[in-house]
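The values are calculated or read from the model by the stated rules, or taken from the named source; none is laboratory data. Remember, it's a predicted structure, so these values are computed and weren't measured experimentally. When we count neighbours, we look across all protein chains shown, and the Cβ atoms used for this are built from the backbone with ideal geometry, even at glycine. All accessible areas refer to the heavy atoms of the entire protein, side chains included, with ligands and DNA or RNA removed. Shrake-Rupley method; radii C 1.70, N 1.55, O 1.52, S 1.80 Å.
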Amino acid sequence: MALIYVVEDDDSIRDIETIALKNGGHIVEAFGDAATFYEKTKEIVPDLIILDIMLPDEDGYKIVRKLRKKNKTKNIPVIMVTAKTTEMDMVRGLDEGADDYIKKPFSVMELLSRVRALLRRSKKETPDQISIGKIMLDHDRHVVTADGTPVELTLKEYELLRYLMLNENVVLSRDAIMRVVWNSTFEGETRTVDMHIKTLRQKLGACGKQIRTVRGVGYSIGAEAIED
């Protein structure tokens, strides 16, 4: 499973891509313009990008050129998804640095198949098992253990923990957590994150101290237990 960014200004297409990728087991963040995408990429680099060409503030060709010029983002796999279907459009996209190209309209199965293939080639697919300190998460079996003891989590607690663990030592803002885990951008709901972190820490016992609070920002997880 991978962290995938979807950059698409058409709401309906963006929703279709997001739902399909999440159903495929991936963590997804979606953006309607280049500006918000750039800001998020500064915070966390994804494993793969689904990129539309025609965006309101900057076209996909320019975005790919910028990504390929920076050490932090130059190797991120990029799939361009666009209504531009001429051979020249496809060639230009690939020449600019895209790794694959899907024409609109497309099937969900085709999208997922191309994503899986590109992740295999790039070796960026996230592992089914993640261990940080004394916390272990087995996504294939949907099992979490803390210091060897099984931990029973709700679905959202599990998704929250997995998102933290996939971004070890990265400070994730409450807003980012809401977007990814709850698929919500309503700022007033960020209290939900705090409450879930509280119960998650309690269920993890002593290992719950591996989850660090960054005052005024959000949360991160590391191998060492930290007193807030």
Going by alpha carbons, how many degrees (0 to 90, nearest 10) lie between the helix axis of 60-69 and the longest principal axis of the chain?
-> 60 degrees
In the structure displayed, which of 40/70; 70/209; 42/134; 40/203; 70/156; 104/156 lie more than 27 Å apart, Cα to Cα?
-> 70/209; 42/134; 40/203; 70/156; 104/156
Reference-scaled alpha-carbon Rg (2.2 N^0.38 Å with N residues) for the chain | 1.06
Can you list which of the trypsin sites (Lys or Arg not before Pro) found in the range 19-75 are DSSP loop residues with at most 12 other C-beta atoms within 10 Å?
-> 70, 72, 74
Mind checking the per residue accessible area of the range 71-163 for me, 1.4 Å probe, whole number of Å²?
-> 56 Å²
Taking the Cα atoms only, what angle lies between the long axis of helix 11-23 and the longest principal axis of the chain, rounded to 10 degrees?
-> 50 degrees
Mind checking the angle between helix 155-166 and the chain's longest principal axis? C-alpha axes, 0 to 90 degrees, to the nearest 10.
-> 70 degrees
From the P(r) of the range 28-157, can you give the percent of Cα pairs sitting at distances over 23 Å?
-> 44 percent
Using a 1.4 Å probe over the heavy atoms of the protein chains, calculate the carbon and sulfur portion of the accessible area of the chain as a whole percent.
-> 50 percent
Range in the chain, longest, excluding exposed GluC sites (Glu not before Pro) [loop by DSSP; at most 10 other beta-carbon atoms within 10 Å] = 1-151
